[in-house]
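Q: Quick one: the structure is below, questions incoming.
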Amino acid sequence: MDLKDPVVVYTAASNLEAHVIVDMLTNNGISAHAVEDQSAVSLWQLGTISQFHKPKVWVDRSRAKDAAELIAEFEDKRNDRRQPATSDETISSQCEECMQASDFPAAQNGTTQDCPHCGAFMDVGDLKWDDADFGVAEDE
Ligand SMILES: [Zn+2]
């Protein structure tokens, strides 16, 4: 490590994630290092405390604020990308004609579809039912 005053800016869930963060910081001109969980010696000395398995990303203290901002930005972008990709998610909407709630693929959010119950046009995604109804079987 060539850092004068290293501080942890990120604790990754996996070695791969730590590497992605280090690459991103390095590309932005911040010297960063990932300390991975491959150090068997420290594991054997310290026991099986789960925190030690999580790779940490280190930068110099003088760049910690910049790094934290870049990481926050990076995570925002990553979350944005994830949301439309979850294709098996559904949203529930209520038909204004027959008042029945129906599930539609999340990709149809904001579109107009035929109601599966009565065939009328209905808007998908206006109402949020998922929290209240989630997990309750229809015939209970
Ligand atoms: Zn209907």
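Q: Starting from residues that are basic (Lys, Arg) and modelled with pLDDT of 90 or more, keep the ones in the stretch 29-65 and report whichever is farthest from ASP5 (Cα to Cα). Give the derivation first.
A: Initial filter on the stretch 29-65 (basic (Lys, Arg)): 54, 56, 61, 63, 65.
With the extra rule that they be modelled with pLDDT of 90 or more, the set shrinks to 61, 63, 65.
Values: ARG61: 6, ARG63: 10, LYS65: 14 Å.
Once the filter is applied, the top-ranked residue is LYS65.
Q: Moving on to the next point. Which ones in the stretch 2-32 are part of a loop (DSSP other than H, G, I, E, B) and among the polar types (S, T, N, Q)? I'd like the intermediate steps shown before the answer.
A: So the first thing to find is which residues in the stretch 2-32 are part of a loop (DSSP other than H, G, I, E, B), and the list is 2-5, 12-14, 28-31.
Passing the criteria: SER14, ASN28, SER31.
The values are calculated or read from the model by the stated rules, or taken from the named source; none is laboratory data. Model, not experiment: these values are computed from the prediction.
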